[in-house]
Each structure stands twice: as C-alpha cells, then as structure tokens.
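The values are calculated or read from the model by the stated rules, or taken from the named source; none is laboratory data. In this text, all values refer to a predicted model and were calculated from it rather than measured experimentally. Positions of Cβ are backbone-derived with ideal geometry, glycine not excepted, and every protein chain shown enters the neighbour counts.
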Amino acid sequence: MIEYELIRSDRKTVSLQIRGGALVVRAPRRAKQADIDRVVEEHRAWIEKHLAAAAEQKRQAEETPKLSYEEIQALAERALQVIPERVAYYAPKVGVTYGRITIRNQRSRWGSCSARGNLNFNCLLMLAPPEVLDSVVVHELCHRIEMNHSPRFYAEVYRVFPEYDRYHKWLKENGPALMARME
C-alpha cells in the first residue's frame, strides 16, 4: 500500500495530490477507510508517476546552482525596467487599469494580483523567454476582470494572448528549475 497523509473535510469526493514529494489524500469525513484505500490503489500508476517526477524535481533542485544575492538584485533591477513596460502594453489590450507593480524574489509564485489591482511579479521571470513573461503579465491583468480561474477568466486570457497554453506549459515544465535557483 502507498503511504499517504489523509485529510478529512466537508467535501463530497476523494482527491489525490502530490505535495512536497508526498501523497496527500483529501476525503469526505464519512468516507470508509477501505473506500479511500481503493481509490488510492486504483490510481497507483498516476501516483507513482507523479511521486517519481517530484523526486526528480527535488534532485534537480539540489543540483541546480543557486543565484547569488547580487545576481538576484540584478534580475530585480532588470525586471523593474522590463515588467512595467509589458504591463503598460497589455493593460489596454485587456481593458483594465492597475495599481502598484512590485517585483519580488519568490520561491513559489510567478505573479499575483490583489483586489486593489496591485500586481506582483517574480524577478526570475527575467530568466524565462519574453513570451513567458508576457503570458504571466496577461494572466495577472485578466484577474482585474475575474479574480478567479473560471472559464470566463481564461476566455479573457486567450482573447488577449491566444498562445497562452504554450507558454504556460513552458513555465510548468521549466519553472521549477528556475525557482530552484533561489537560495
């Protein structure tokens, strides 16, 4: 049997998630343990594949050379020049206004948008292809219209940036290696 952390809550279905290189199972409070174990066993191939990928990602992260403080500062300074220009370019195309733009050196997020319209971006985006940066900018600006990831939100994203999926995929595949460069 595969080991997992079980979290019971007021949900209707069982969900499986790989977090921190381990399996997390979320299940309804009243679900029988045997039913939960059966779901885990039915998804063994998916679980093993994703656990292996998480282990490989962790190994690569440990072997990835880290950026120095000076290198991170240089990326942040470059981002302060580039990102506001990209935001200013795309905001009219999305049809929105925005507040403050902040550059951060985060370990888990590429960007965010507050309810007040303030935008945050990761300085590591300067290490990605320009189209990836643009895809994140458009994504965050579209949150000014829809503060969720609903079909309406993605309709706006694709309207402005039709190749979004291609660059989002690049970020999913290559982003962990970039994040691993943070100290």
Is it the case that the stretch 10-17 has a residue that's surrounded by 15 or more Cβ atoms within 10 Å (Cβ to Cβ) and part of a loop (DSSP other than H, G, I, E, B)?
yes
In the stretch 153-183, how many are within 21 Å of Ser68 (Cβ to Cβ) and surrounded by 15 or more Cβ atoms within 10 Å (Cβ to Cβ)?
7
Could you look through the stretch 44-70, keep only residues that are in a helix (DSSP H, G or I) and small (Gly, Ala, Ser), and pick out the one that is farthest from Leu124 (Cα to Cα)?
Ala45
Output yes when any residue across the stretch 145-154 is assigned to a loop (DSSP other than H, G, I, E, B), of a type in the set (D, E, K, R), touching a Phe, Trp or Tyr at 6+ places or on another chain (Cβ under 7 Å) and in the same structural domain as Val82 (by TED's automatic domain parsing), and no when none is.
yes
May I ask you to list the residues in the stretch 134-153 that are out of contact with any strand residue (DSSP E or B) (no Cβ under 8 Å at 6 or more places or on another chain) and touching a residue at least 12 places away in the same chain (Cβ under 8 Å)?
Asp134, Ser135, Val138, Cys142, Ile145
Surrounded by fewer than 20 Cβ atoms within 10 Å (Cβ to Cβ), in the same structural domain as Ala76 (by TED's automatic domain parsing) and touching a Leu at 6+ places or on another chain (Cβ under 9 Å): which single residue out of Leu119, Leu133, Leu141, Leu127 fits that description?
Leu127
With respect to Asp165, is the statement that it is assigned to a helix (DSSP H, G or I), out of contact with any Asp or Glu (no Cβ under 8 Å at 6 or more places or on another chain), under 25 Å from Ala53 (Cα atoms) and not assigned by TED's automatic domain parsing to the domain that holds Lys58 true?
yes
Every residue in the stretch 33-43 that is surrounded by 11 or more Cβ atoms within 10 Å (Cβ to Cβ), part of a helix (DSSP H, G or I) and either in contact with a strand residue (DSSP E or B) (Cβ under 9 Å, 6 or more places away or on another chain) or aliphatic (A, V, I, L, M) (or both), please.
Asp35, Ile36, Val39, Val40
Identify the single condition in (1) at pLDDT below 95; (2) assigned to a helix (DSSP H, G or I); (3) over 27 Å from Glu63 (Cβ atoms) that Ala115 does not satisfy, given that it satisfies every other one.
(2)
Flagged in the stretch 84-110 as within 18 Å of Met182 (Cβ to Cβ) and among the aliphatic types (A, V, I, L, M), in numbering order, are Ile103
Please determine whether any residue of the stretch 77-87 is farther than 24 Å from Arg152 by Cβ, in contact (Cβ under 8 Å) with a residue 40 or more places away in the chain and either surrounded by 19 or more Cβ atoms within 10 Å (Cβ to Cβ) or not assigned by TED's automatic domain parsing to the domain that holds Lys172 (or both).
yes
Counting only residues that are under 27 Å from Ser108 (Cα atoms) and not acidic (Asp, Glu), the stretch 3-39 contains a total of 20
Any chance Gln57 is touching a residue at least 40 places away in the same chain (Cβ under 8 Å) and at negative phi
yes
